[in-house]
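Take a look at the structure below.
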Amino acid sequence: MTNTYPNLVAPDAEFRRVIEAAVSQRERIGQVAKAAAEGMRNLFLIGCGGSYNDFSAAIYRCDMSAQVPSFCLNSEEFNRRRPALLGAGSVVLVASHNGTTQETIEAARWSRAAGARVIGFTKDTTTKLAAECDDVFTYNSDRTILAPKQVLIGMMVLGLLKESGSKLDFAAFDEAFAAVPKAFELAIEEAEESLHKIAVAFAAEPFTYVLSSGPNQGAGYGFAMCYLMEMQWKHASWFNANEFLHGAFEVVQPDTALLLFKGEDETRPVIDRVEAFLSKNTQRSLVIDSKDYSLPGVPTSLRGDISPLLLSTLSKRLAEHYQAVTGHLLTDRRYMFKTTY
């Protein structure tokens, strides 16, 4: 790619090492999962914002394979609802990068008080969230966040599924996660030109719709809310791709900007259907398709499980290309971390 934007930040030099460090925690994850799964009656996945999105692939796999009821909720929804099923025998996974999200800290605190086992995912062991958890897994990076956190969550959920009787090829999953550091590093290189073209094409758009489905919903929602709205101050709206066809698609005009995140799971035909509609009704539809990336070492049968993590990683790199085009720093905030809300 010819870089005409000198302020485009280079990919994180520590990217691969940070993810490798996450993968290396597999043995301890297995030990914790075995202990937590003993007597497990249900599983809750809890977070806010980006950390809520980080559970997208995991809850999808739970829906398809778990032998116990599994739920994924926003932290404050969880706190306000106080699910009747939560108690002894519950396993609660909580995530917060900085570990300062008050709603998630409260979720961890009252879950433990109710008798649940709480497992946390945060950047390091010194965070406030870490202090409220029975077990904590960390990735120690402030730049490479999505891939290691989602790898840790994915390995933990697979460990819980294994220990609670789900029938899956767990050796193949181990192989897939082991391949992620190198495969994702290569994918970022493979994606640079196409991501830059998307940023150039859409950076000036007054409003962008983002669509995704299945385990990739988190990647799409996260890009719209966290990157476009929070970090670029751009109007955007995310939709489940099938829901978009049940009313929202009436807004589509020839100049309507839409970005699709397309994975390789069972819901790929949902994106195919939306893509076919958009190809006839707008000239401003672009797609990030995980099939375009080689992912060496990831078993073909599990690309659908790994592609949501890839799409999330590519969404972060796409945001860095937006930053280069718009000149608006991803770290700029009006309200977050600055005001009371």
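The values are calculated or read from the model by the stated rules, or taken from the named source; none is laboratory data. Values in this document were obtained by computation on a predicted structure and should not be read as measured data. Heads up, the Cβs are rebuilt from the backbone with ideal geometry, glycines too, and the neighbour counts pull from every protein chain shown.
Check every one of the helices (runs of 4 or more DSSP H) wholly within segment 134-231 and list those with 2 or more residues that are over 24 Å from LEU259 (Cβ atoms) and touching a helix residue (DSSP H, G or I) at 6+ places or on another chain (Cβ under 7 Å).
In segment 134-231, 146-163, 170-202 are the helices (runs of 4 or more DSSP H) which contain 2 or more residues that are over 24 Å from LEU259 (Cβ atoms) and touching a helix residue (DSSP H, G or I) at 6+ places or on another chain (Cβ under 7 Å).
Could you list, in sequence order, all residues of segment 87-102 that are over 18 Å from THR125 (Cβ atoms) and outside any loop (DSSP other than H, G, I, E, B)?
Listed by number, the residues that qualify are SER90, VAL91, VAL92, GLN102.
Which one is farthest from the chain's Cα centre (by Cα), of the residues in segment 132-174 that are more than 22 Å from SER96 (Cβ to Cβ), assigned by TED's automatic domain parsing to the domain that holds ASP63 and surrounded by 19 or more Cβ atoms within 10 Å (Cβ to Cβ)?
Checked segment 132-174; the qualifying residue farthest from the chain's Cα centre (by Cα) is SER164.
Only one of LEU302, LEU286, LEU330 is of a type in the set (A, V, I, L, M, F, W, C), in a loop (DSSP other than H, G, I, E, B) and either surrounded by fewer than 23 Cβ atoms within 10 Å (Cβ to Cβ) or touching an Asp or Glu at 6+ places or on another chain (Cβ under 8 Å) (or both); which?
Checking each option against the conditions leaves just LEU330.
Would you confirm whether any residue within segment 213-225 is under 22 Å from LYS280 (Cβ atoms), touching a Gly at 6+ places or on another chain (Cβ under 6 Å), among the polar types (S, T, N, Q) and crowded, with 24+ Cβ neighbours inside 10 Å?
Among the residues of segment 213-225, not one is under 22 Å from LYS280 (Cβ atoms), touching a Gly at 6+ places or on another chain (Cβ under 6 Å), among the polar types (S, T, N, Q) and crowded, with 24+ Cβ neighbours inside 10 Å, which makes the answer no.
Only one residue in LEU168, LEU186, LEU158 is closer than 12 Å to ILE29 by Cα and not small (Gly, Ala, Ser), so which one is that?
After ruling out the rest, the residue left standing is LEU158.
Could you please find all residues in segment 65-117 being touching a helix residue (DSSP H, G or I) at 6+ places or on another chain (Cβ under 6 Å), closer than 17 Å to ALA130 by Cβ and hydroxyl-bearing (Ser, Thr, Tyr)?
SER75, SER96, THR104
Give segment 1-44 a look and list any residue that's assigned to a helix (DSSP H, G or I) and among the aliphatic types (A, V, I, L, M), or say none.
VAL18, ILE19, ALA21, ALA22, VAL23, ILE29, VAL32, ALA33, ALA35, ALA36, ALA37
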